Amino acid sequence: MPSRGHTREMGALSSTDKKLVQPSRRKRSGGDPSLFARFLIVVFGALITLWYMISTAETTILTHTAQHPGFFSAQDCISGSGGGISNSHASPSRKQLLRQIQSTEELVQPYHLLTIAIDSRHSCPDLCTFVHPLLPAWIRYRQLHFESEVDLAEKLKDDHGHVIVVARTNIINIANWAVSRRNNSTSSEVATTGLFHNADERFHKGEIAGVYDKFDYVLRQYYQKDDDGLFHGYNLHALGNYSCGTHVQSLPLSENEAGPRWGVHYVPLNAHTVDVQLLHHATATYPTSLRPTNCSFIGRADVKRSKHEREEMKAAVEEHGAEMNCTITFTGAFATGNTKFEYFNYDISNSKIGLSPRGSAIETHRLAELLQMGAVPAIKAEDYLFATFTPVPGIIASDWPAVVRLMKQYLSEEKAILEENRLSKGTRISKLELLSREGTKFYRDLGACMMADMSFIMKGAFGLSDG
């Protein structure tokens, strides 16, 4: 910076200053024509590339739409090709399953209307697994409630489309209504009826055997196998197995086979996170190595059908004392204690392992909640854990003492790996962390596989299938 004695106003430039400044002025005012030309070429090239990408994508989507107008089958969701579902499929990639492709052309295709009829007496739609999250994109639906079978028949007397009835009891009366509805259909439009047997925790045989046949398909909560490998005479498969599993029964069933034409399907309980704002995306779970609590449980102690098991679980954990670093909190009623927000974002998210005993039934919503939030489930072996297209990832053993012993092994291994990484600046991943990642992936894939199966079943119910 010049000294104060050498300063002068900008207007008082010397002749030498003017000569130095003038070339710079000419350069700024005129610019470099070669730079501008290169800029135009780059912009033009980018526009050409963008146009080519858009036209290619549009051609591909419209071709697919022409092959599958208005909807996608389960097979389309898995492989991107047409056709029905065979008895075996290769395990799909998550990218293939996560979403059904829709173009602007498909948005103007005809859609199909579905009625979800909910038995207001016992169906508990606010707390139980529900059907609409499983529906494919080509279905539009409405919901209505009914108080009795007479009320149901009156509300749907002019509806000849497809109906799913959500009910917990009174299945026999609803099944008889479904038969009457089908028999009264016109030859050109057969009214079809599916059942979502909701919250049947006690497996009422009288409302299952010989009753399910009267529906076009049945979805049900809670899985069970009889000694002959069947479920009250029916093949019961987990929803999602047709698209993502192997060795399943072919659909539709023939007239000589027992059961609804489009099968009997077990629907795993979902997580109660619909109305909960999660602090992070459900796929971005906190690593187990950073979670401060080794294991946790919050729930009732006085559940009649599993009281003994919960006491056994608590005793097995407490036998190992403070070294387990577990928190077990018993509450007075279902879904009480901490708020849902606190339960998901703090209790589960801060636990490496989530204890998951039986509840009012052999299966609880807790398992799905743990999987979604990345806490590794610790649970006694049950048939339903191995019924899905791949077994549920978790720490599973025959009884709670054995479960706790496995928990200790996983926790010790993770502690040793973290110490090794600290000393060597390594990046090894513990088996517990891998199990956590497997759990969140399984939960996401299960939802996509179930939706693919529902698309196939709905296609049959709407008369859109070749079967």
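The values are calculated or read from the model by the stated rules, or taken from the named source; none is laboratory data. Everything numeric in this text was worked out from a predicted model, so none of it was measured. Every residue, glycine as well, gets a Cβ built from its backbone with ideal geometry; the counts of neighbours run over all protein chains shown. For accessibility, only protein heavy atoms count, side chains too; no ligands or nucleic acids. Shrake-Rupley method; radii C 1.70, N 1.55, O 1.52, S 1.80 Å.
Among the residues in the stretch 451-467, are any over 17 Å from the mean Cα position of the chain (by Cα), at pLDDT 95 or above and of a type in the set (Ser, Thr, Tyr)? Within the stretch 451-467, none of the residues are over 17 Å from the mean Cα position of the chain (by Cα), at pLDDT 95 or above and of a type in the set (Ser, Thr, Tyr). Limited to the stretch 416-444, what total is found for residues that are farther than 15 Å from THR285 by Cβ, assigned to a helix (DSSP H, G or I) and of a type in the set (D, E, K, R)? Residues in the stretch 416-444 being farther than 15 Å from THR285 by Cβ, assigned to a helix (DSSP H, G or I) and of a type in the set (D, E, K, R): 4 in total. Of the residues making up the stretch 365-386, those that are crowded, with 20+ Cβ neighbours inside 10 Å and assigned to a loop (DSSP other than H, G, I, E, B) number 2. Every test in (1) without any contact (Cβ under 8 Å) to a residue 24 or more places away in the chain; (2) open to solvent by 30 Å² or more (accessible area, probe 1.4 Å) is passed by ALA402 save one, and that test is (2). Summed over the stretch 228-240, the residues that are within 15 Å of VAL218 (Cβ to Cβ) and either open to solvent by less than 10 Å² (accessible area, probe 1.4 Å) or in contact (Cβ under 8 Å) with a residue 24 or more places away in the chain (or both) give a count of 9.
Any idea which residue in the stretch 271-309 is most open to solvent (accessible area, probe 1.4 Å), counting only those that are assigned to a helix (DSSP H, G or I) and either in contact with a Cys (Cβ under 9 Å, 6 or more places away or on another chain) or modelled with pLDDT of 75 or more (or both)? Taking the candidates together, the pick is HIS308. Restricting the stretch 310-330 to residues that are of a type in the set (Val, Ile, Thr) and open to solvent by 40 Å² or more (accessible area, probe 1.4 Å) leaves a set whose member that is modelled with the lowest pLDDT is THR329. Screening the stretch 178-202 for residues that are part of a helix (DSSP H, G or I) and open to solvent by less than 80 Å² (accessible area, probe 1.4 Å) and picking the one that is nearest to ASP158 (Cα to Cα) gives ARG181. For the stretch 340-354, residues that are closer than 18 Å to MET407 by Cβ, outside any helix (DSSP H, G or I) and either at pLDDT below 75 or open to solvent by less than 50 Å² (accessible area, probe 1.4 Å) (or both) total 4.
Restricting GLU189, GLU207 to those that are more than 23 Å from LEU134 (Cα to Cα) and in contact with a His (Cβ under 6 Å, 6 or more places away or on another chain) reduces the list to GLU189.
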